[in-house]
Amino acid sequence: MKEKVVIGLEIHIQLMTKSKMFCHCSTDYIGKEPNINTCPVCLGLPGSLPVLNKKALEFAIRTAVALNCGINQVSRFHRKNYFYPDLPKAYQISQYDSPLGVSGYMEISLPESKVKRKIRITRVHIEEDAGKLVHEGDITSSPYSLADYNRCGVPLAEIVTEPDFCSPEEAQIFLVKLRSIVQHLGVCDGNMEEGSMRCDANISLRDAKTGAMGTKVEIKNMNSFKAVKKALQFEVNRQKKLLDEGEKIVQETRHWDESKNITISMRNKEEAHDYRYFPEPDLPPLRVDLKITDEIRRNLPELPEARRERFIKNYQIPEYDAEILTSSKALGDYYEKAVSLYSNSKVLSNWIMGDLIRYLNEGKVEIENSPISPEKLVGMLKFIDEGIISGKMAKDVFEKMFKTGKNASQIVNENGITQITDENKLMEIVDRVIRENSKSIKDFNQGKEKALNYLVGQVMRCTKGRAKPDFVFKAIKQRVKKE
Ligand SMILES: [Zn+2]
């Protein structure tokens, strides 16, 4: 049987407001003492009443508009009921049958085929986050669980796509672009590792011949782009194998286990009716004036796609470079800062896409915390241009700069890494090499041009690579001709 992969995504983004969705508690909980950012509202104490955070609403509208959604002029809050210790109210305030944003789309471009695909966005709605349970070690073996409600009530926007992805790669490309969009919008930092952007996926295999839909499996707990791709790929293979063996796919929720690289069954999937959704009686219907939506749409900041086009046009760099440099807000900002200080825009993008990104990835450092600032990178490139160091030496200088955070001139001075610019000194070495390699001179005189390259190599070795190769070549040629 031939199957087609069908994937849909649900992404939660944490909106970067100062206070929570329905109360005044701070949203700044990372590294904070447990349960200090709490109040009767977010703890769900009897008699407390929620009040909607205006900024959270604005951020959610901004997100929905950027994803080409229509904004419902009247939307509603619902209670999604479930019992779990991280949710003191035993329900989450969310949106159900009339969400804030509907029927949007986002275009993704697939690198190999250059084909653009439109991914439909079903809805964008707002809801509150749950708290966090802290276990001793692994959840399955921990003797107890502690509840921390600092995150409880933090505002989220949930973005739901139609099942429009045909491969795990497409899902990953979408997520990278979505992250860049929400970063450019200034509504979410997009940090998947820290959970401020979370992705669940549902995946099924459709019979390619009959078009019959397969059973959907939901996958949770993928906290990096790589994990999303790996988990979905694993699930495609698992489902294919089951179908090939004549087995049935069970509708369930599976958990991605990063350490084992497998998905594990967590529970049978809940149906919407399991949540007993009902309208939230403490909040009136949410009315969003057309004027507000229009104003937000007019004032949208530059989005990654427009920025990419601008990079291609203004800095004359290839589309490929521009795509990578706008794949995150901070990377684009880094490049723009550097390019304002240095005119060779392509040399800059080469260093950023090559050495810088490699060292950042290896060291698991975010670009915002790069030990090499745009100013320091440009400082090093100017050293190359001035002939103080060679391009080859720069690789070494760059590594030392990354490891120590020092600037190029410090590294060069401390390590004596400079090109020899004193021509008299260089000529002394050239002459010595010529004296010591009479055979090569003979070879050259007999017509072997390559013998000169050997001599240049010898000079480079004697100077530990600190000579300028083109100067050395000219000097040797001059000397040899005289003899
Ligand atoms: Zn509170």
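Computed values, structure above
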| quantity | calculated |
| --- | --- |
| Residue that is nearest to Gly332 (Cα to Cα) [pool: residues in the range 357-368 that are acidic (Asp, Glu) and part of a helix (DSSP H, G or I)] | Glu368 |
| Positions within the range 122-137 being surrounded by fewer than 23 Cβ atoms within 10 Å (Cβ to Cβ) and within 16 Å of the ligand (Cβ to nearest atom), in sequence order | Glu127, Ala130, Lys132 |
| Filtered residues of the range 369-400 (kept if part of a helix (DSSP H, G or I), within 24 Å of Met460 (Cα to Cα) and touching a residue at least 24 places away in the same chain (Cβ under 8 Å)) | Met380, Leu381, Lys382, Phe383, Lys392, Met393, Lys395, Phe398, Glu399 |
| Of residues in the range 2-60 being among the acidic types (Asp, Glu) and surrounded by fewer than 15 Cβ atoms within 10 Å (Cβ to Cβ), the one farthest from the ligand (Cβ to nearest atom) | Glu33 |
| Sole exception among (1) more than 16 Å from the chain's Cα centre (by Cα); (2) more than 24 Å from Val182 (Cβ to Cβ); (3) surrounded by fewer than 20 Cβ atoms within 10 Å (Cβ to Cβ) for Leu348, by number | (3) |
| Complete set of residues in the range 306-348 that are assigned to a helix (DSSP H, G or I) and hydrophobic (A, V, I, L, M, F, W, C) | Ala306, Phe311, Ile312, Ala322, Ile324, Leu325, Ala330, Leu331, Ala338, Val339, Val347, Leu348 |
| Selection within the range 147-204 - of a type outside the set (Phe, Trp, Tyr), within 16 Å of the ligand (Cβ to nearest atom) and in contact with a Cys (Cβ under 7 Å, 6 or more places away or on another chain) | Cys152, Gly153 |
| Matching entry among Lys439, Lys448 (being surrounded by fewer than 18 Cβ atoms within 10 Å (Cβ to Cβ) and in a helix (DSSP H, G or I)) | Lys439 |
| Any chance Val472 is aliphatic (A, V, I, L, M), within 19 Å of Gly391 (Cβ to Cβ) and touching a residue at least 24 places away in the same chain (Cβ under 8 Å) | yes |
| Residues (of a type in the set (A, V, I, L, M, F, W, C) and over 15 Å from Arg479 (Cα atoms)) located in the range 418-467 | Ile420, Met460, Cys462, Ala467 |
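Yes/no matrix, rows are residues, columns are (1) modelled with pLDDT under 95; (2) farther than 21 Å from Lys54 by Cα; (3) surrounded by fewer than 16 Cβ atoms within 10 Å (Cβ to Cβ):
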| position | (1), (2), (3) |
| --- | --- |
| Ile139 | yes, yes, yes |
| Ser142 | yes, yes, yes |
| Ser145 | yes, yes, yes |
| Glu158 | no, no, no |
| Ser167 | yes, yes, no |
| Leu178 | no, yes, no |
| Met192 | yes, yes, no |
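The values are calculated or read from the model by the stated rules, or taken from the named source; none is laboratory data. In this text, all values refer to a predicted model and were calculated from it rather than measured experimentally. Here the Cβ is made from the backbone with ideal geometry for all residues, glycine too, and neighbour counts use every protein chain on show.
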